[in-house]
Structure formats: C-alpha cells, structure tokens
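Novice: Dropping the structure in here first, questions after.
The values are calculated or read from the model by the stated rules, or taken from the named source; none is laboratory data. What you see is a predicted model, and the numbers here were worked out from it, not measured in a lab. Ideal geometry is used to build each Cβ from the backbone, glycine not excepted, and the neighbour counts take in all protein chains shown.
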Amino acid sequence: MRNLWNLITQYHIALVFFALQALALGWFVSSHGYPRGKWVQRSLAWQGAWNQQMGQWSRLVELDALNRELLAENAKLRSSMYRTENTGREISIHSAQVVRFTWTSSANHFILNQGSKNGLKPGMGVSQNGIALGRIIEASDHFSLALPIINQEVEWSARIGSAGPVARLLWDAHDIGRAQLQDLPRSATFSPGDSVLTSGFQGYFPAGMLIGWIADETPEFDGQFLTIGIELAADFRSLNYVEAMSIMDWESIEALSQSTPNSGS
Amino acid sequence: MNARFAPYLRVLLPLILQVVFFQYVTLVEGWWYLGFHLLGILLLPLQRSGLFVLLFSAGMGATLDFTCHGGGLFMSSAVFMGLFIPIVNRLLAPREGYEITDQPTISYMGSRWFIARALLLLFIHNVWMFSIEAGRWDLLLLAWGKATTSAVFTAAVFALTLLLTQRKVRSR
C-alpha cells in the first residue's frame, strides 16, 4: 500500500495530466462537430447575445432594417415558391442573421440570431438566396447553432442536375470554396460546370437547391466509384442574412421509413 | 490599482479578452491564430508547482471551451502546454537559478528569455491543438504550418503587449 502511495506521489503530475487529457479528449471526441446538449444551449444564449452586440456595432442601422424587411419578404416568397415546386409539400421558411461564423477550422459552425421561440429547431436546413449552406443542430430560445457544408464531420446528399445520379457530398477541409462528391457510379455522365443540387433525401432541404458546380478537373476512380471536385456556390466568407427552412411533412416521412422492416440499416 | 489583485488580473484579463474579443479575430485565413488566453498561463508565477499549472491550464482551457464551443479542444491543448511549462522553465533557467521575486515577464527576465519561452510553449500548444483539430493525417502538415506561423505571431503580440503595459524593472 505504501509503495502504491509512493508511486502515486512520485508520478502525480503525469497521472493528473493523463486524467485531464482523458477528460478533455473524451469531451472533444464526444462533441466534435456535433456540440449538443444543455450547456451548448446556455452557451448559445450568452454567446449569441454577445455576438449580436458585436455585429450591431459594426452595422449601418438603416441598411440593416431594410435588409431585414427584404429578407422576411424573400422568405415568404420562397416558401410559396417551394410549395408550388415540390408537389404541394409545405415548406416553412424563417429569415435569420448570421451573428458568428468560423471558416478557418475543419469543424466550422455558425450561429443564427433566431432560436426555438422564432420557430427554428434542429434539423432545419439553412440557405442563402437559394443556395444550400448547412443545417441547424442546436437551438436555444433566441439563437441557433448550425453546421455548414464546410465542416468535415458532416456529409450531405447531393444530385448532379435535376435528374442525375445521387452521391455523398463531403468537405476535405482544404479549401472553403471546394468540396467533393463521392461514391458516384462510374456510369454517371457529367461535365465541368454542371449544377450540383440538393437531393432532398435528408430532409434538411427540398430537392433542387443549388450547392455548387462540377469543377474542371479529372475525376478520381477507386475501382468502383468516382470522386469529383465541386466548386461551392456559397461564399462562406461573407454570410449575413440567411433563411432557415423545414419541410413540414418530413417527420411523417421519417416515421414511415422507421416502420419498414429494414429500418435502421 | 491595488497590488494584491494585480497578479490575478494579469492572469484573468487575457482570458476575458479572448472570450469577448479575440475569438472573433481571423487573420490570414487562420494562419495567424491568436490565443490571447495563453498569456494568462504564461504569466503564472515561476514558483508555482507543476500540479497547480496543470490544473490552472485545464480550468482556463475549459472556460474557453464552454464559452466558444471548443468541445474540449482548448482544454486539451492548454493542459498539454501546462505539462511542458516547468520543463521549459528549467531549460531556460539562468545559471544561478530563478530568484524568489522573478516573474515570467519581459521586465523581469528580458525580452530574449520571454520570447524564447513563449515561442517554445506556444509552438507546443499549437502543434497539439491544430493536429487534433485537423483530425486527419493528410491535414497534419497544413496544421503544423499553421501552428508555426501562429506561434510566431502570438509570441510577437504577447511581447508587444508586455512592452506596452509593463514598467521596466530590471533585465537579467
């Protein structure tokens, strides 16, 4: 027993170091890319308010008010437009402003100045002028935390053109203007400049929203599938006013897919 | 200002500034990362035990993680740097050792000592932080590049901050 105690006192710094590292890395691994939970909501409430204050100091008030009105009007128009285009499927759109955005990390995120009290909730897609940007993963009363396409922890479902093949869209953390479309069948036909659109399969966005265009480069072939570069349409350096959208009947579609015999696979 | 509170303020002020201001600073596409809270850890008295430095660094990093959605990244990096602080202090110790009144600032230890210590410790911190944050082997070189440029930039900012805010006491 004494030997054990001597050992502990001799190496106490190393032991404390490993304990603290285990705590920090455990926290990091469990939350990286998907920071969720009660603390994030509290932190969002505080940080969102401060971020908004910071933003207000650097904004022209009159122009800002005008932008808000235009954005709200845009949201209404888009909402009715998507309802018509998507076979009657109802889409609710809320306008919001980005009060914080990180774009230099591999796990980027952004914070919106609207939260659950404004109708925003996790699972909603975020777009800007019809271009897909990311999705909300956490919402406090007045602020929401979202992950953009340029976060290497998340993947998106995308389609080449309106009727082309569907593939996985991922970001490799090298360039905020480019992403990769993976697992394309080798029979897929496409050309540089072709539009890459949302597939609508994940429920964050309706089908057909612009993500980017196929880059002018040779596709990589791994023996079975193709990987191609995408030039992203969104300018992540200058995000400001955005729209958060939810597909109203998506929950019933999800419930239906959960009830199938192979659900969960 | 009351001299009793000065050491606490010197350590906590950088953390407050990082949370309310410097976390928004993005320079040269992230190649110049500024972790201003690290100045608080670097300014801990030289006589503090290794255990205290570790625990203090953990607290500092965790506070930043809670307020900036770091998810443990800042805590892990601060603890990693905290482990090396006593080692670097011994490495850079004057031949006759540190005096009880010595403080890890430019005014007490001189600019060469401060910059060498800050560069070494910030490099260690940044390499750990950017490597974990990269999360993939193919991004490691990029991460180490950012770690190096950020360490140089941050050390320069720290030196400038101390030169502008501290009175000259004596140089060793």
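Novice: Out of (1) at pLDDT 85 or above; (2) under 24 Å from A:SER31 (Cβ atoms); (3) at the interface with chain A (Cβ under 10 Å from one of its Cβ atoms); (4) surrounded by 19 or more Cβ atoms within 10 Å (Cβ to Cβ), what's the single condition that is false for B:VAL53?
Specialist: Against the list (1) at pLDDT 85 or above; (2) under 24 Å from A:SER31 (Cβ atoms); (3) at the interface with chain A (Cβ under 10 Å from one of its Cβ atoms); (4) surrounded by 19 or more Cβ atoms within 10 Å (Cβ to Cβ), B:VAL53 comes up short only on (2).
Novice: Name the single residue that is nearest to the other protein chains (Cβ to nearest Cβ) among those in the stretch A:167-187 being assigned to a strand (DSSP E or B) and buried (at least 20 other Cβ atoms within 10 Å of the Cβ).
Specialist: My answer is A:LEU170.
Here's the yes/no breakdown for (1) over 13 Å from the mean Cα position of the chain (by Cα); (2) charged (D, E, K, R):
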residue	(1), (2)
B:ILE85	no, no
B:LEU92	yes, no
B:GLU96	yes, yes
B:PHE130	yes, no
B:GLY135	yes, no
B:LEU140	yes, no
B:SER150	no, no
B:ALA156	no, no
B:LEU164	yes, no
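Novice: When residues of the stretch B:25-55 are filtered for being among the hydrophobic types (A, V, I, L, M, F, W, C), outside any loop (DSSP other than H, G, I, E, B) and farther than 30 Å from A:GLN10 by Cβ, how many remain?
Specialist: The qualifying residues number 4.
Novice: Given the conditions (1) closer than 30 Å to A:LYS117 by Cβ; (2) at pLDDT 85 or above; (3) away from chain B (no Cβ under 14 Å), which single one is not true for A:PHE143?
Specialist: The one condition A:PHE143 does not meet is (3).
Matching residues to (1) in contact with a Pro (Cβ under 9 Å, 6 or more places away or on another chain); (2) within 14 Å of another protein chain (Cβ to nearest Cβ):
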site: A:ILE91; (1), (2): yes, no
site: A:SER95; (1), (2): no, no
site: A:ILE149; (1), (2): no, no
site: A:VAL154; (1), (2): yes, yes
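Novice: Continuing with the same structure: For the stretch A:8-28, name all the residues that are more than 7 Å from every other protein chain (Cβ to nearest Cβ) and of a type in the set (S, T, N, Q).
Specialist: Of everything in the stretch A:8-28, those that are more than 7 Å from every other protein chain (Cβ to nearest Cβ) and of a type in the set (S, T, N, Q) turn out to be A:THR9, A:GLN10.
Novice: Another question, if that's okay. Taking the stated definitions as given, is B:PHE80 more than 8 Å from every other protein chain (Cβ to nearest Cβ) and at pLDDT 85 or above?
Specialist: Spelling it out, it is not the case that B:PHE80 is more than 8 Å from every other protein chain (Cβ to nearest Cβ) and at pLDDT 85 or above.
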